[in-house]
Amino acid sequence: MHLLPSTVLLGLLATAPVFAADPATALQCGQLFDSRSGKLLEARTVVVRDGKVAEVLAGAVEVPGARSIDLSGHTCSPGWTDLHVHMGSESSPQSYSEGFRLDDTDYAFRSVGYARKTLLAGFTSVRDLGGEVAPKLRDAINQGLIDGPRIWAAGKSIATTGGHADPTNGYNSTLSHLLGPQGPTEGVINSVEDARQAVRQRYKEGSDVIKITATGGVLSYARSGDAPQFTIEEVRSIVDTAKDYGYRVAAHAHGEEGMKRAVLGGVTSIEHGTYMSDEVMSLMKQKGTWYIPTIYAGRFVADKAKIDGYFPDVVRPKAARIGALIQDTAGRAYRSGVKIGFGTDMGVGPHGDNAREFVYMVEAGIPAAVALQAATIRAAEVLGVTDQGVIEAGQRADIVAMPGNPLADIGAVLGVDFVMKDGAVYSQRGRAAQ
Ligand SMILES: [Zn+2]
């Protein structure tokens, strides 16, 4: 250790209390979204200390010793959570061939930018449902090496042979033979024993949550977007093994039969849920299963399917057919009383545009307050945590603010210009903090 001459040290101490604890911050919010009641509260001052909310005071209050941030004319909200993203990629017409050219490090560097955009859009937490980059990205963010949201990472999604997320779908026979059959290590299972091993492998790799692809998917290089792809016994084996490690299971599903097996098998959430029938909805209500619609991804792929050459021929009809239906399903599910969490499937669409999902939810007939709850207090329930999702004493200081009133005009969510995560300010008045 380098020793400072005592005079220099004394000089430092005299001018700056470098060893003092961080001063408190007082956010003077014009309005505050109370995610418990779904109502806006007028003029609140949120006092933040040591990364947590210390107290919430009525009115715009100057707190002695605290630095004030004037957010009058703004609505403050608990930081948002996107329950379905893929931080390691972003789709484009090149996505299908890039995998043969790029290395893991290329994807890792790209994810640094995606993480920052996501955070600055107001998303202080995400659940990454598939991608090998996410667990390491999570660690780099937690270590303060790069800026990004708090991440719950699934790591490699679990599929069956030829299913959505089998990593060698669409490969030619030479490559397929070279790589050999994919197994639980690569996230491909074909029995209850494989299912158990695949979950344990994810544990070994540092996952926080398990993702399965219960039916075919839109963007995979395979014909069916909705066929069931697991037996119910395989789903049960995954859910039971996941419990041993404290994991919850998220199930990608478009088709009805695969969705039914996933719900009966005990998964925590259904993702996309395109062909969700009344029967599946009542099963979900009985079992307390969450629905994460990802309307954004549906609209995005339906839109891109109109462009010649954007998707491979095998993908294009699935994107056109399935994508267009999700927004309608979200509205039906809400009206039937299924519990809804917020998710976009970003990585299909461009990272950083996540808040547009709120607008699509409202278009589907979901009240703005319910949509905001889906990304705050409800999202915390889906994750199984109790220290985020509301602005109350003792909670993590994850707070975002936007000009205007998102309950009166949901478009306000696209104008977030203040982002705080764990008490640190990442963006203020639209400018990223240095
Ligand atoms: Zn996804």
*Which entries in LYS339/LYS421; LYS39/LYS285; LYS204/LYS260; LYS39/LYS421; LYS52/LYS260; LYS211/LYS285 show an alpha-carbon gap greater than 32 Å?*
LYS52/LYS260
*Ignoring everything but the protein chains, give the 1.4 Å probe accessible area of SER89 in square angstrom, nearest 10.*
50
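Take every DSSP beta bridge with both residues inside the range 197-333 and express the antiparallel ones as a percent of the total, to the nearest 5. Before the final figure, lay out each step's value.
Values: 1 of 12 bridges.
That works out to approximately 10 percent antiparallel.
What ranking of ILE146, ILE399 comes out by heavy-atom accessible area, probe 1.4 Å, highest first? Please list the in-between numbers first.
Numbers: ILE146 40, ILE399 0 Å².
In descending accessible area the options line up as ILE146, ILE399.
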_Prolate/oblate/rounded call for the range 64-179, Cα gyration tensor, a/c under 1.5 rounded_ = prolate
*Under a plain spin-label model, where a point goes 7 Å from the Cα along Cα-to-Cβ, how far apart in nm are SER282 and ARG223?*
3.4
_Gaussian network model of the chain, Cα within-10 Å springs - most flexible of ALA54, ALA408, ALA393_ = ALA408
*At 1.002 mPa s and 20 °C, Stokes diffusion of the range 223-311 via Kirkwood alpha-carbon radius, µm² per second*: 154
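Just want to confirm a number: the relative contact order over the range 327-434, from Cα pairs under 8 angstrom separated by 6+ residues, in percent. Can you show the working numbers first?
Details: 132 pairs, mean separation 20.1, N = 108.
It rounds to 19 percent for the range 327-434.
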*Any idea which of TRP152, VAL133, PRO167 is furthest toward the positive side of the dipole for the range 127-170, if Lys and Arg beta-carbons carry +1 and Asp and Glu beta-carbons -1?*
TRP152
*Could you let me know the centre-to-centre spacing of the range 249-287 and the range 350-385, using Cα atoms, in angstrom?*
19
*Over all alpha-carbon pairs of the range 270-369, lay out the pair-distance distribution in 5 Å bins, whole %, shortest bin first.*
2, 14, 24, 22, 18, 11, 6, 2, 0
*Set of aspartates and glutamates near LYS243 by C-alpha distance (under 17 Å), chain-local residues within fewer than 8 positions excluded*: GLU193, ASP194, GLU205, ASP208, GLU233, GLU234, GLU381
*If you build a Gaussian network model of the chain, linking Cα atoms that sit under 10 Å apart, which residue out of GLY246, GLY423, GLY323 swings the most?*
GLY246
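How would GLU42, GLU271, GLU257 line up by accessible area, probe 1.4 Å, largest first?
Final ranking, largest accessible area leading: GLU42, GLU257, GLU271.
Please arrange LYS306, LYS39 by accessible surface area, largest first, computed with a 1.4 Å probe and ligands excluded. Kindly include the intermediate steps, with their values, before the conclusion.
Details: LYS306 150, LYS39 125 Å².
Final ranking, largest accessible area leading: LYS306, LYS39.
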*asked:* Heavy atoms of the protein only, probe of 1.4 Å, neighbouring chains included. What is the accessible area of LEU102 in Å², nearest 10?
replied: 40
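Between THR161 and ASP139, how high is the FRET efficiency from 1/(1 + (r/R0)^6) when r is the Cβ-Cβ distance and R₀ = 25 Å? Nearest 0.05. Please list the in-between numbers first.
Details: r = 31 Å, r/R0 = 1.25.
The pair THR161/ASP139 has a calculated efficiency of 0.20.
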*Which residues in the range 385-404 have a backbone N closer than 18 Å to a point placed 7 Å from the Cα of LYS52 along the Cα-to-Cβ line?*
385-399
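Which percentage, to the nearest 5, of the DSSP beta bridges contained in the chain is antiparallel? Could you put the intermediate results ahead of the total?
Details: 31 of 63 bridges.
The answer is about 50 percent antiparallel.
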_Longest to shortest principal axis, alpha-carbon extents of the range 349-434, angstrom_ = 35, 32, 26
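For the pair ASP308 and SER176, what calculated FRET efficiency results from E = 1/(1 + (r/R0)^6), where r is the Cβ-Cβ distance and R0 = 25 Å, to the nearest 0.05? Before the final figure, lay out the partial values.
On the way: r = 28 Å, r/R0 = 1.14.
Rounded to the nearest 0.05, the efficiency is 0.30.
If you build the convex hull over the alpha carbons only and average its shadow over all orientations, what do you get for the chain? Give it in nm² to one decimal. Walk me through the numbers on the way to the answer.
Details: hull surface 93.4 nm².
Approximately 23.4 nm², given one-decimal rounding.
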*Given charges at beta-carbon only (K, R positive; D, E negative), |dipole| of the chain in Debye*: 280
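The values are calculated or read from the model by the stated rules, or taken from the named source; none is laboratory data. Everything quoted here is computed from the prediction, not taken from an experiment. Methodologically, a virtual Cβ is constructed for each residue, glycine included, from the backbone with ideal geometry; neighbour enumeration extends over all protein chains shown. Ligands, DNA and RNA are stripped out before the accessible areas are found, and what is left, the full protein with its side chains, is counted by its heavy atoms. Shrake-Rupley method; radii C 1.70, N 1.55, O 1.52, S 1.80 Å.
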